[in-house]
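Here the structure is laid out as structure tokens; the discussion comes afterwards.
The values are calculated or read from the model by the stated rules, or taken from the named source; none is laboratory data. These numbers were taken from a predicted model, which means no experiment stands behind them. Here the Cβ is made from the backbone with ideal geometry for all residues, glycine too, and neighbour counts use every protein chain on show. For accessibility, only protein heavy atoms count, side chains too; no ligands or nucleic acids. Shrake-Rupley method; radii C 1.70, N 1.55, O 1.52, S 1.80 Å.
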Amino acid sequence: MSHATLKQLSDGLAAGKFSSVEVTQNFINKINNLNKSLNCFISVDEARSLTQARTADALRAAGRAQPLTGVPIAQKDIFCAQGWLTTCGSKMLSNFVSPYDAHVIERFNQTGAVNLGKTNMDEFAMGSSNETSFYGPVRNPWDRERVPGGSSGGSAAAVAARMAPAATGTDTGGSIRQPAALTGICGLKPTYGVVSRYGMIAFASSLDQGGPMAHTAEDMALMLNVMAGFDARDSTSLQRAATDYTADLARPLAGLRIGLPREFFAQGVSADVAKAVEAAIAEYKKLGCSVVDVNLPNMGLSVPVYYVLAPAEASSNLSRFDGVRYGYRARDYTNLTDLYQKTRAEGFGAEVKRRILIGTYVLSHGYYDAYYIRAQKLRRLIAQDFTNAFKQCDVMMGPTTPSTAFKLGEKSGDPVQMYLSDIYTIAVNLAGLPGMSIPCGFDGAGLPVGLQIIGDYFSEARMLNVAHRYQQVTDWHMRTPKDIGEGVSA
Ligand code: GLN
């Protein structure tokens, strides 16, 4: 059962093969077995999850089940969930029990899905390895000495280790796609504005976007059907006609034009990653797709532009954590300023402080024009590159990451090296485009490689179709790491 896809669980529940209580208990058992060694979950609340499962079984008995009713899904600990500890991976929120639900959580609740627990993440989603979490690093189930990627590393590793059939993530500069690639699962960052950010703890508001992480494109389509949609509480949420993301999955790919951005295949990408990605593109040619070289001339600027804009927004967003209203508060203080200073000095970790310092600097009088405004202008050029390239192709493909999973500690002492692990994902956030990673092979050491698929604005349904057809003729997405146990079979 724990090796089943969401679709298989959904079908099994509908056919009465098992109940939601049985499915949920099965995954809770897997979490209890593996969480000590992998550290994927920050909180698990067995009683709460099982109550939701019983409610789901009752809904089904009453004939009111929807596709994800009764299916357990792990939630990144960046999503506020009423009654759940919601930490965002930080000491600052280590005592914060959310009084309300994020839009995404509300949607899953309304459909009768079960919240399986809150997953570990880099502190305030700042990181690419999960090593900045106050709750300690997550281990990659393919090699426990290696990172699962970040910041949605807990979600990615939980799905890869079959502790959850699927999970949510958020992606500001790559945090869904990069960990998906490093753990051999699928992840989709939708077009900016498709998934409401209400109740999703803010890092860099103009870049943050929530999305699904699962084993198959079909599972991600089922999740996006629940997660996407207008929400008046997020002023950047887009009002669009509802889409059924599963409707076009099986459409043939003949005639699809795949753009290969030259910048993605330049030096810097490891030989094993390039090989797996090229093999995937060859597979697409067999499916009737054509390939065209495209250019993204300003791609090289995306990491520096991001590391001006994201910290600028973060420095503003994180000013709310002051020890007064909620979260951590320093014990000994003499006056209000001292309370702020000590709370923030003690409550935030090193990477978060680094970002606040950079952000405050680039927004300060005298530097604002030189850094922030300039970065905004370059962001526009980066977005324009994609618009131009999409005149020649329907989707773009390339590697998600330059290398496979790196060792714990390998990059944590060198922020710039860490930042460069998102070199292929960040431009997509700056442009607000949808991006996806799907498994496409393994390197010589048996570590998974991710294929990145980038679509034009609002082309999620087409991208899921592109991924689904590939998954019909390959089985990379169904491979499992050793030593994760079998669970009870479906
Ligand atoms: N790794 C990038 C950062 O540290 C992106 C993180 C994210 O997408 N949340 O900012």
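Figures for the structure shown
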| read-out | value |
| --- | --- |
| By average C-beta atoms within 10 angstrom, highest first, the peptides 306-319, 188-201 | 188-201, 306-319 |
| The chain - Rg over Rh from alpha carbon coordinates, Kirkwood radius | 0.95 |
| With every protein chain in place, the chain: carbon and sulfur % of accessible area (1.4 Å) | 51 |
| Residue-wise HN-Hα coupling along segment 391-405, computed from phi with Karplus coefficients 6.51, -1.76, 1.60 (Hz; x: Gly, Pro) | 6, 9, 8, 9, 9, 10, 9, x, x, 7, 9, x, 9, 7, 3 |
| Candidates per chymotrypsin sites (Phe, Trp or Tyr not before Pro) in segment 89-177, loop by DSSP, up to 15 other Cβ within 10 Å | Y100 |
| Accessible-area order (highest first, 1.4 angstrom probe) of the listed residues R107, R233 | R233, R107 |
| Amide H contacts under 5 Å for S43, placed H, 5+ residues apart | K118 |
| The chain, relative contact order [Cα under 8 Å, separation at least 6], % | 19 |
| With eigenvalues of the C-alpha gyration tensor scaled by 5 and rooted, segment 358-430, Å | 26, 25, 6 |
| Pair V97, A445: separation of 7 Å Cα→Cβ label points (nm) | 4.3 |
| Simple spin-label estimate for Y333 and A254 in nanometres, 7 Å along Cα-Cβ | 6.8 |
| Label point distance in nm, E410-Q384, each placed 7 Å from Cα along Cα→Cβ | 3.8 |
| In order through segment 447-452: 3J(HN,Hα) via Karplus (6.51 cos²θ - 1.76 cosθ + 1.60), integer Hz, x for Gly, Pro | 9, x, 10, x, 9, 8 |
| For Y328, residues with placed amide H under 5 Å, excluding near neighbours | L93, S94, N95 |
| Shape of segment 294-453, Cα gyration tensor, a/c cut at 1.5 | oblate |
| Ranked by how many other beta carbons lie within 10 Å on average, peptides 203-212, 177-186 from highest | 177-186, 203-212 |
| Segment 217-294 shape via C-alpha gyration tensor axes, a/c threshold 1.5 | prolate |
| For segment 28-56 and segment 213-247, distance of Cα centres in Å | 25 |
| 20 Å cut-off, amide nitrogen to a point 7 angstrom out along N295 Cα→Cβ, residues in segment 365-406 | 378-398 |
| Karplus-derived 3J(HN,Hα), 6.51/-1.76/1.60, for each residue of segment 82-97, Hz, glycine and proline x | 3, x, 9, 4, 10, 9, 6, x, 10, 4, 4, 10, 5, 10, 8, 9 |
| Packing-based ranking, highest mean first, of 21-33, 433-445, 47-59 given that Cβ atoms within 10 Å are counted | 433-445, 21-33, 47-59 |
| About the Cα centre, charge dipole magnitude for the chain (Lys/Arg +1, Asp/Glu -1 at Cβ), debye | 280 |
| Dipole of segment 313-469 [Lys/Arg +1, Asp/Glu -1 at C-beta], most positive-end residue of V428, Q376, M397 | Q376 |
| Whether segment 101-163 is rounded, prolate or oblate, judged on the alpha carbon gyration tensor where a/c under 1.5 counts as rounded | oblate |
| 19 Å cut-off, amide nitrogen to a point 7 angstrom out along I373 Cα→Cβ, residues in segment 309-337 | 309-310, 312-313 |
